[in-house]
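The values are calculated or read from the model by the stated rules, or taken from the named source; none is laboratory data. All of these numbers come straight from a predicted model, not from anything done at the bench. Don't worry about glycine lacking a Cβ; one is built from the backbone with ideal geometry, like all the others, and counts go over all protein chains shown. Side chains included, ligands, DNA and RNA excluded: accessible areas come from the protein's heavy atoms. Shrake-Rupley method; radii C 1.70, N 1.55, O 1.52, S 1.80 Å.
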Amino acid sequence: MKKLFSWSNLASVAFAILIIVVVVNPQAKALILQGLMKVGLFKAPVENTEATKSSVTHNTLPDLALIAPDGKQINLKDQKRKVIIINFWATWCPPCIAEMPSINVMYGRYKNNPKVLFLSVDADNDFSKSVPFMQRHNYSFPVYNIAGPLPEGMIYNAIPTTIIIDKNGTIVARHEGAADYADDSFYKYIDGLIAQ
């Protein structure tokens, strides 16, 4: 008769439990994605590819109104001569959760630069979930909700989506999916846009 509690059986049960946890728990998925980011996968956009150029629909700043939890409104069309980084995300999205630590580091690097505007947009438009999420994880970047119609072509059906707009108001990069925004090559790309 075969032993019920062999190392092989225990390892199989442990692996099955791990798979179930990863499938059910967004935080577990995010943790695995963060590990993959640390080994060099999920690079942030650092150049204007043909795919990015073909998806660009705006040559001037889009008319996108956003609102902060305190009621303060901001509109992209009023943000002249700034490099704008917009990140659309949601609290339930594992790839969004995975990239948050690197976004927080990136925000810390540019938050005092008057030539850079970073906008973290809760795709669910629900401050009752997004604000506590930010506080629970000690993220310092501000969160916004969409306060008006979303311009056509800003975001498709994927989150996270990060859009980078240069100082001329042109969308120069769009990245759908998680990315490591605390990478030196990404900083070099943004610094180059600032210097233009």
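At-a-glance table
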{"quantity": "The one condition in (1) assigned to a loop (DSSP other than H, G, I, E, B); (2) farther than 20 Å from I74 by Cβ; (3) touching an Asp or Glu at 6+ places or on another chain (Cβ under 9 Å) that K129 fails to fulfil", "calculated": "(1)"}
{"quantity": "Breaking point among (1) in a loop (DSSP other than H, G, I, E, B); (2) within 22 Å of D63 (Cα to Cα); (3) in contact with a Pro (Cβ under 8 Å, 6 or more places away or on another chain), for A182", "calculated": "(2)"}
{"quantity": "Any hit, the range 129-137, residues being under 20 Å from P95 (Cβ atoms), touching a strand residue (DSSP E or B) at 6+ places or on another chain (Cβ under 7 Å) and modelled with pLDDT of 90 or more", "calculated": "yes"}
{"quantity": "Residues within the range 125-140 that are open to solvent by less than 70 Å² (accessible area, probe 1.4 Å) and of a type in the set (D, E, K, R), tallied", "calculated": "1"}
{"quantity": "Number of the exception - D122 against (1) acidic (D, E); (2) open to solvent by 20 Å² or more (accessible area, probe 1.4 Å); (3) free of Cβ contacts under 8 Å to residues at least 60 places away in the same chain", "calculated": "(2)"}
{"quantity": "When residues of the range 64-74 are limited to those that are open to solvent by less than 90 Å² (accessible area, probe 1.4 Å) and part of a loop (DSSP other than H, G, I, E, B), the one modelled with the lowest pLDDT", "calculated": "L64"}
{"quantity": "Every residue from the range 141-158 that is closer than 16 Å to Y110 by Cα and open to solvent by less than 40 Å² (accessible area, probe 1.4 Å)", "calculated": "F141, V143"}
{"quantity": "Whichever residue in the range 159-179 is open to solvent by 30 Å² or more (accessible area, probe 1.4 Å) and not in a strand (DSSP E or B) and, among such residues, is farthest from I103 (Cα to Cα)", "calculated": "N168"}
{"quantity": "Which listed residue, of I190, I146, is over 15 Å from P69 (Cα atoms) and either over 15 Å from the mean Cα position of the chain (by Cα) or not aromatic (F, W, Y) (or both)", "calculated": "I190"}
{"quantity": "Qualifying residue in the range 92-104 (condition: aromatic (F, W, Y), out of contact with any Lys or Arg (no Cβ under 8 Å at 6 or more places or on another chain) and either more than 24 Å from A179 (Cβ to Cβ) or open to solvent by less than 50 Å² (accessible area, probe 1.4 Å) (or both))", "calculated": "no"}
{"quantity": "Residues satisfying the stated conditions in the range 99-119, i.e. without any contact (Cβ under 8 Å) to a residue 40 or more places away in the chain and part of a loop (DSSP other than H, G, I, E, B)", "calculated": "K111, N112, P114"}
{"quantity": "Single condition N112 does not satisfy, out of (1) of a type outside the set (G, A, S); (2) closer than 15 Å to L66 by Cα; (3) modelled with pLDDT of 95 or more", "calculated": "(2)"}
